[in-house]
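Asks: Please read through the structure below; I'll follow up with questions.
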C-alpha cells in the first residue's frame, strides 16, 4: 500500500525545494546578489517560474507591506509585476532581499509560507536565515506609517 503524504510532509518538501532553488540561484548569481543580478534572475526561467518585472509602486501594497507580486492576468503564465514600496528606490542594495522573499509566491503560489520565503531568500543570498529575517524586519520597520 502506498504511503500517504501528510500536509506536514508537503510543507517540508516545499520548504526543502525552495531552499534548494535558492541555493541554485546563489551558485549561479552569487556570491553577492545586487540590482544587476536581481534583474538577471528575474529573466531566468530556471530561477523564476513566470515572467516578473519590478515596479516601485505602493498602491497595491497593504499597510506595512514592503513588496508583493501582482498578477498581470488571469493565469500565472501572463506574468507578474513585483511591486516594491517606492521608499526603497534609493536603497537598491536592499531590493534583492525584498524581491527574493516575494519570488516564492511567483514560483509556488499561495501554498508558499513565510518560512518558505525565508528559506529561499536566505539560501539565494548565502546568508543565515536569522540574518535574513532581521534584514527584512528592519526594512519593514522603515515603512512605519507609510502606505
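Asks: Let me have the relative contact order for the chain, percent, based on Cα pairs under 8 Å that are six or more residues apart.
Replies: RCO, the chain: 30 percent.
Asks: To continue, here is another question. Show that you can apply the helix-only estimate: for the chain, add -39,500 (n - 2.57) for every DSSP H stretch of four or more residues, divide by all residues, and state [θ] at 222 nm to the nearest 500.
Replies: Per the formula, -16000 deg cm²/dmol.
Asks: If neighbour count is taken as other Cβ atoms inside 10 Å, put 50, 56 in order from fewest to most.
Replies: Numbers: 50 18, 56 15.
With the fewest neighbours first, 50, 56 line up as 56, 50.
Asks: Here's something else I'd like to know. Pick out which of 103, 125, 94 has the largest mean-square fluctuation in a Gaussian network model of the chain, springs linking Cα atoms closer than 10 Å.
Replies: So, out of 103, 125, 94, the one fluctuating most is 94.
Asks: Shifting gears a bit: State, to one decimal in nm, how far the label point of residue 127 lies from the label point of residue 56, with both points 7 Å from Cα in the Cβ direction.
Replies: 2.0
Asks: Using a 10 Å cut-off around each Cβ, can you sort 104, 70 from fewest to most neighbouring Cβ atoms?
Replies: Final ranking by Cβ density, sparse to dense: 70, 104.
Asks: Next up: What do you get for the angle between helix 129-143 and the principal long axis of the chain? Use alpha-carbon atoms, 0 to 90 degrees, nearest ten.
Replies: 40
Asks: Sticking with this structure for a sec: Listing 21, 28, 36 from the residue with the fewest other Cβ atoms within 10 Å to the one with the most, what is the order?
Replies: Working: 21 21, 28 15, 36 11.
Ascending Cβ contact count within 10 Å gives the list 36, 28, 21.
Asks: Tell me, in nm to one decimal, what length is gained between residue 87 and residue 24 on full extension, where the rule is 0.36 nm per residue of separation less the Cα-Cα distance?
Replies: 19.7 nm
Asks: Between 87, 52, 137, find the one with the highest GNM mean-square fluctuation for the chain; connect C-alpha pairs within less than 10 Å.
Replies: Result for the chain, Cα springs under 10 Å: 137 fluctuates most.
Asks: If all Cα-Cα distances of the chain are sorted into 5 Å bins from 0 onward, what percent lands in each bin, rounded to whole numbers?
Replies: Binned Cα distances yield the sequence 2, 10, 19, 23, 21, 14, 6, 3, 1, 1, 0, 0.
Asks: So, one more: Under the classification rounded if a/c is under 1.5, otherwise prolate if a/b is larger than b/c and oblate if not, where does the stretch 70-147 fall, given a ≥ b ≥ c as square roots of the Cα gyration tensor eigenvalues?
Replies: Details: a/c = 1.98, a/b = 1.22, b/c = 1.62.
Here the stretch 70-147 falls in the oblate category.
Asks: What is the spin-label model distance, in nm, from residue 75 to residue 44 if the labels are put 7 Å beyond Cα along the C-beta direction?
Replies: Result: 2.7 nm between the two label points.
Values in this text are rule-based calculations from the coordinates and carry no lab data. Worth saying up front: this structure is predicted, and the values here are computed from it rather than measured. Positions of Cβ are backbone-derived with ideal geometry, glycine not excepted, and every protein chain shown enters the neighbour counts.
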